[in-house]
1. Answer yes if at least one residue in segment 78-89 is of a type in the set (Gly, Ala, Ser) and away from the ligand (no atom under 16 Å from the Cβ), and no otherwise.
2. Looking at 146, 177, 131 in this structure, which one is at pLDDT 95 or above and under 16 Å from the mean Cα position of the chain (by Cα)?
3. Residue 123 is checked against (1) closer than 25 Å to residue 208 by Cα; (2) more than 16 Å from the ligand (Cβ to nearest atom); (3) at pLDDT 85 or above and fails just one. What number does that condition carry?
4. Looking only at residues that are surrounded by 14 or more Cβ atoms within 10 Å (Cβ to Cβ) and among the charged types (D, E, K, R) in segment 91-120, which one is nearest to the ligand (Cβ to nearest atom)?
5. Quick one: residue 249 ticks every box in (1) surrounded by fewer than 22 Cβ atoms within 10 Å (Cβ to Cβ); (2) within 13 Å of the ligand (Cβ to nearest atom); (3) hydrophobic (A, V, I, L, M, F, W, C) except a single one, so which number is it?
6. Spot the failing condition for residue 297; the list is (1) within 16 Å of the ligand (Cβ to nearest atom); (2) closer than 16 Å to residue 247 by Cα; (3) open to solvent by 20 Å² or more (accessible area, probe 1.4 Å); (4) at pLDDT below 95, and only one is missed.
7. Taking segment 150-187 as the search range and keeping residues that are under 25 Å from residue 321 (Cα atoms) and not small (Gly, Ala, Ser), which one is surrounded by the fewest Cβ atoms within 10 Å (Cβ to Cβ)?
8. In this structure, is residue 304 open to solvent by less than 40 Å² (accessible area, probe 1.4 Å) and within 16 Å of the ligand (Cβ to nearest atom)?
Amino acid sequence: MTAADRVRSAVAAVTDPELRRPIGELDMVREISVDGDRARVGIVLTIVGCPAAARIEADVRGAAASVPGIAEVEVEVGVMTPTERKALTEKLRAGRPARHMPFGPDSLTRVILVSSGKGGVGKSTVTANLAVALADQGLSVGLVDADVHGFSIPGLLGIPAGTQPTRIDDLMLPPVAHGVKTISIGMFLRDGESVVAWRGPMLHRTVSQFLTDVFFGDLDVLLIDMPPGTGDIAISIGQLLPHAEVLVVTTPQTAAAEVAIRSGLVARQTGQRVIGVIENMAAYTLPDGTLIDLFGSGGGAAVAEALSEPGAAVPLLASIPLSPALRQGGDAGEPIVGGGTTDAAAATIRELAAALARQGRGLSGRSLPMSIG
Ligand SMILES: Nc1ncnc2c1ncn2[C@@H]1O[C@H](COP(=O)(O)OP(=O)(O)OP(=O)(O)O)[C@@H](O)[C@H]1O
């Protein structure tokens, strides 16, 4: 192997942070020459102003410099021609036609909708932390923020306001935050535009665009943060993903249970399967042992029981306690499940993620009895 070959194989292994594949596989490596201890490396990026450019260039420089005998590295960065880009998008689609929805019933990806009856029960906070915890389990995770009233997912994951998916022709690459490929309806709004004014067909088009034009790659799990209630988006997603699984988030307040039950029943009408209930904002214990029980108790169990059918029990999967740290992490864009915290809410969400990961896709047609927290 020549020195240039060694540099080529080191450079080819560098991963594109957005496409999550080695750049050699993506045909992004060009001419490489070595003169004494100097390497010249040519690479091409997908588009001009590619947001990952600086990172790729630095990683390529580092990879080339790590080859024994190389002391200096010069990186020349170019841009793919339209033909090269077309070849790349075709390769990424892996034979699937453009505008194909990869999350149909034959897909290997588990699609899990996170719903709630009403707003403010912590659905988005739970979804963001669950996504990060699943990614920490080694799963490839996508997260769609379809909550038209909230768009809180980018903030919860620390994605700066104004961040847009990178476009390679008609393919959109979702930003990756805390290991989660994330797309939000808020990323599709023009300045000052409010989605609340959108009518059903427009919402339907946008949601189906999320699922067809956004390149998530091969995902193990796609989580969808649903808007609270049972509106247009829930109906659109019901039509697009009738085989999806549903998690219903509720608080321990029994008065809130009724709306949560309704959201589960509507999901079931479209053919989706409610796989469990998550109770959030449950009682927490102060260091001196005092129990803080703001929202009472029993709501999660009541919803689980009401959604259970003969032969298809819906379990209460987790009871996540009130947690100042969970809220602070959300406000700061740093989901607490990612750190080494011993916070009880984080621990419960991690256990929930582990239980869901254990279930796997193969078991998604069955209800498993499990309970956490
Ligand atoms: N377990 C918890 N302990 C303390 N605060 C929490 C907990 N869960 C969520 N919160 C806080 O409650 C508020 C509402 O949470 P979040 O925005 O996730 O709710 P939501 O159900 O997604 O609401 P919406 O659907 O209206 O966007 C946030 O300030 C969040 O930080």
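The values are calculated or read from the model by the stated rules, or taken from the named source; none is laboratory data. What you see is a predicted model; the values in this text were computed from it and never measured. Here Cβ is always computed from backbone atoms with ideal geometry, including for glycine, and neighbour counts include all displayed protein chains. Areas reflect the complete protein model, heavy atoms only, side chains present, ligands, DNA and RNA absent. Shrake-Rupley method; radii C 1.70, N 1.55, O 1.52, S 1.80 Å.
1. The answer is yes, given that some residue of segment 78-89 is of a type in the set (Gly, Ala, Ser) and away from the ligand (no atom under 16 Å from the Cβ).
2. Unique residue meeting the criteria: 131.
3. It fails just one condition, (2).
4. Once the filter is applied, the top-ranked residue is 118.
5. Residue 249 satisfies every listed condition except (1).
6. Just one mismatch for residue 297, condition (2).
7. It comes out as 151.
8. no
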